[in-house]
Amino acid sequence: MAQTAGNSSYPTAPPLRPSGGGGESPLLLRGIAKSFGAVQALSSVDLDLPAGKVTALLGDNGAGKSTLVKLISGIFAPDEGSIIWEGEPVRLRTPKEASELGIATVYQDLALCDNLDVVQNMFLGREIVRSGVMDEAEMETVASRTLEDLSVTTLSSTRQLVASLSGGQRQAVAVAKAVMARARLVVFDEPTAALGVSQTAMVLDLISRLADAGMAVMVISHNLNDVFRVADRLAVLYLGQIAAEGPISGFDPANVVDLITTGKSARLAPSQPGMEAAGKEEEQP
Amino acid sequence: MISAPPGASESEANEVASPVPSSLSGFLRQWARRARSGESGVLPVLGGLILIVVIFQVQSPVFLSPANLTNLLVQGAVFVLLGMAEVFVLLLGEIDLSIGFVAGIGGGVAAILLASPYNLPWWAALGAGLVATAAIGAVQGTLVTRLGLPSFVVTLAGLLGWEGVLITMIDHSPSASGGVVRISNNVVNDLVNGNLSPLAGWIGMILVVSAYALATLGGEQKRRKRGLSALPWSIAMLKVGITALAGVVLVLICNTNRGHFVSLRGVPWVVPIVLAVFAGWTFLLGRTRFGRYVYAIGGNAEAARRAGINLLRVRTIAFTLSGLTAGAGGIIYASRLGSMSVGIDGGTLVLYAVAAAVIGGTSLFGGRGKALHAVLGGLVIATVYNGMGLLGMGAASQYMVTALVLVAAVTVDAFARRSRN
Ligand SMILES: Nc1ncnc2c1ncn2[C@@H]1O[C@H](COP(=O)(O)OP(=O)(O)OP(=O)(O)O)[C@@H](O)[C@H]1O
Ligand SMILES: [Mg+2]
């Protein structure tokens, strides 16, 4: 069931879905660097996250993926470089500032309160209030409609406590929360790490649907199957630097593994359109 | 499916899955399922309360007399108020060990300011007492939230420190004699010892029950109109009916003459006072953003932070409200005794406050609890206290029985939790 893109030649199959629009990128990263003491977690990172596309970010443990997510979601600021949001350089000082701009981050476990129900979680921090009193009926209506729009059908009730949901259902709630917040960029940090086969399929489906709706989507994953199923574009981080970036058609699982583990790939076709910077040092005599 | 269809024709499967089934049989089936899986709500504590009442009534026939039941309500008021103070802090996943002596400060400040040479009017003295305890809550809350000190330690220091402050305050008060400040203001003494007229009791009860009925049935009607799942009418009416019945029984009991030589009847003022605090905190915790954020922080502080909630502010306000409520408890305590003394046992009071909240069903780990839990738990403790007193058993057996009740309550909770996971 996993689509292994082009193990013989380049994938000839059309993209998983008609990639609508694309073109403009709400978020550009330019020359981003971040270090923790002596550890250079990221250096001179350039990355575009185009609207309507799923960009997968790959890299080995400690490559700097989570650090990059945290910069984008306002948890801390870069040492150097600029974050350009819809054409303007921005400073993201808090998670709240990032989410107010339209950047939503879906974390694996930290984003939901187990003791609150689905509606309460989806509206957490932006409750609908009428003269000081929360309008529960209105919130429930909007939450149900959002979940329906996303074709999330596995929840028996929006008044279920989140504690009683499965991992995939929790991801669905977190995604719906991002959608309801009118996010223009949704970042997923290892969205399928703890999920079984069918729940993974459901979450990947959701991710694709967000891109179809015109959002820019970034997915971090260690699972190449998932990445090749859902991503339009790939970026590989190696020791804090972008080792390769481009449309998924330029990659196959074998060269991606090379890029992740060594930062370069001999198997990479040099004339590949859209490929940038990969293995340049290697080519120089 | 996500929400119940607007039509009443639901399949059986939906009734089982949806949290609020729209038929009576579906509701009962679901209730049984929830009780089995540990989400039984306040039923265990209600059952426990009835059991204790039956035991005491069998042992002592005067237990259920109107005079004793009214007395029990008055005794329970302080436990209930302090329990509600504790609920605010427990919901955050913190604990407050100081509220017994904070209550003492509230009562002490009021008593001293009522007496000469200050002779403040009652409202100013009570207001000062409440401001003082709210400020104490704010200071302790600030230490916990801004400096990140453990609440256990900060309020343990409070437990020691505020007793010292109370003793100093009363010792230096010109009106104190032998470590006691008497309260001669009638309004303040009547908070507990005065009664509503029988007619006022009926009118007040009818108003309260009508307001509750309007809110409950109106809310369900609103959900129905929007096509959201709502309680079956039979259940909604049952809730209102039980509340009305409880109100009628309460007023009937209190309006029975319980005096020996002079007629003494009517609902004690303290009952509507406690009810008002209960209604206010229930509304705040259940219907406002602030309340929602208290639960969110107790459930998952990191998630709350990422949702943009100002944790420092919400936590500090919760500690402040806890202090305020403790002050109200202290004033009621002082009103009941007609004085404030350095001998107030704040250490035992705070333990009873925690016990009241936990017996009622509030979790020590944060995120789960209600003002109602303090009311029910406080009544359980008052019942034990009162019943043991009637049976002529002293403090020793009262402590032991309360301990057993507390252990029973957390055991029920632990089992419920285990079957939930
Ligand atoms: N808060 C921090 N303080 C100090 N060093 C940090 C901190 N966060 C990350 N690092 C370091 O930065 C580097 C990149 O870490 P990061 O968490 O971004 O990696 P990652 O690609 O997400 O790895 P993984 O796949 O294991 O999640 C690592 O060397 C890590 O030790
Ligand atoms: Mg990581």
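The values are calculated or read from the model by the stated rules, or taken from the named source; none is laboratory data. The model shown is predicted, which means the values in this text are computed figures rather than measured ones. Cβ placement follows ideal geometry from the backbone for every residue including glycine, while neighbour counts extend to all protein chains displayed. Note: accessible area is taken over every heavy atom of the protein model, side chains too, but ligands, DNA and RNA are not part of it. Shrake-Rupley method; radii C 1.70, N 1.55, O 1.52, S 1.80 Å.
Counting only protein heavy atoms and a 1.4 Å probe, the stretch A:27-283 has 39 square angstrom of accessible area per residue. As a fraction of the 1.4 Å probe accessible area of the stretch B:224-377, surface on carbon and sulfur atoms comes out at 68 percent. Highest mobility in the GNM of chain B, judged by mean-square fluctuation with C-alpha springs under 10 Å and restricted to B:314, B:274, B:54, is found for B:54. Here the stretch A:27-283 has 50 percent of its accessible surface on carbon and sulfur atoms, given a 1.4 Å probe and all protein chains in place.
Taking chymotrypsin sites (Phe, Trp or Tyr not before Pro) in DSSP loop states with no more than 13 other Cβ atoms inside 10 Å as exposed sites, chain B has its longest site-free stretch at B:1-260.
Positive end of the dipole of chain B (Cβ unit charges, origin at the Cα centre): among B:342, B:261, B:136, the Cα lying farthest that way belongs to B:136. With contacts taken as Cα pairs under 8 Å and at least 6 residues apart, the stretch A:123-180 reaches a relative contact order of 33 percent. Quick check: the angle from helix B:99-114's long axis to the longest principal axis of chain B, C-alpha only, nearest 10 degrees? Between the helix axis and the principal axis of chain B, the angle is about 50 degrees.
With +1 assigned to the C-beta of every Lys and Arg and -1 to the C-beta of every Asp and Glu, and no other charges, what is the dipole magnitude of the stretch B:195-261 about the Cα centre in debye, to the nearest 20?
360
Within the straight-line cut-off of under 26 Å between alpha carbons, the lysines reachable from residue A:70 are A:34, A:53, A:96, A:177, A:264, sequence neighbours fewer than 8 places apart in one chain being disregarded.
With θ taken as phi - 60° and the Karplus curve 6.51 cos²θ - 1.76 cosθ + 1.60 applied, the whole-hertz 3J(HN,Hα) list for the stretch A:128-141 is 7, 10, 10, 6, x, 10, 5, 8, 5, 5, 5, 4, 5, 4 Hz, x standing for glycine and proline.
Taking B:139, B:262, B:192 as the candidate residues, the one with maximal mean-square fluctuation in a Gaussian network model of chain B, Cα springs under 10 Å, is B:262. As an equivalent ellipsoid, the stretch B:195-261 spans semi-axes of 34, 11, 5 angstrom, where each value is the square root of five times an eigenvalue of the C-alpha gyration tensor, largest first. Looking at the stretch A:135-185, the trypsin sites (Lys or Arg not before Pro) that sit in a DSSP loop and have at most 13 other Cβ atoms within 10 Å of their own Cβ are A:182. In the protein assembly as shown, taking the dipole from charged Cβ atoms about the Cα centre, the farthest positive-side position among B:186, A:251, B:318 is held by B:186.
Which angle between 0 and 90 degrees, to the nearest 10, do you get for helix B:270-287 versus the longest principal axis of chain B when only C-alpha atoms count? Orientation of helix B:270-287: about 50 degrees from the principal axis. Reducing the stretch B:59-117 and the stretch B:258-306 to their Cα centroids gives an inter-centroid distance of 13 Å.
Can you tell me which lysines have their Cα less than 19 Å from the Cα of residue B:222? Leave out same-chain residues fewer than eight positions away. List returned: B:239. With the gyration tensor restricted to C-alpha atoms of the stretch B:292-421, the semi-axes of the equivalent ellipsoid amount to 31, 22, 10 Å, longest first. Structural descriptor for the stretch B:269-421: relative contact order 21 percent, calculated from alpha carbon pairs under 8 angstrom and at least 6 residues apart. Rounded to the nearest 10 degrees, the angle from helix B:151-171 to the longest Cα principal axis of chain B is 30 degrees.
Descending by average beta-carbon neighbour count within 10 Å, the peptides A:190-203, A:35-48 line up as A:190-203, A:35-48, the highest first.
Show me you know the interface measure: the accessible area buried between B and A, both chains summed, probe 1.4 Å, in Å² to the nearest 100.
Accessible area lost upon association: around 2900 Å².
Comparing B:107, B:127, B:387 in a Gaussian network model of chain B, where Cα atoms under 10 Å apart are tied by springs, the biggest mean-square fluctuation is seen for B:127. Solvent exposure of the stretch B:195-261 amounts to 57 Å² per residue of accessible area, where only protein heavy atoms count and the probe is 1.4 Å. Of the beta bridges in the protein assembly as shown, as assigned by DSSP with both residues counted there, near 60 percent are antiparallel.
Using the Stokes-Einstein relation with a Kirkwood hydrodynamic radius computed over Cα pairs, the translational diffusion coefficient of the protein assembly as shown at 37 °C and a viscosity of 0.692 mPa s comes to 114 µm²/s. Under 5 Å from the amide H of residue A:41 lie the amide H atoms of A:34, A:35, A:36, each residue being 5 or more positions distant or on a separate chain, with H modelled from the backbone and absent for Pro and chain starts.
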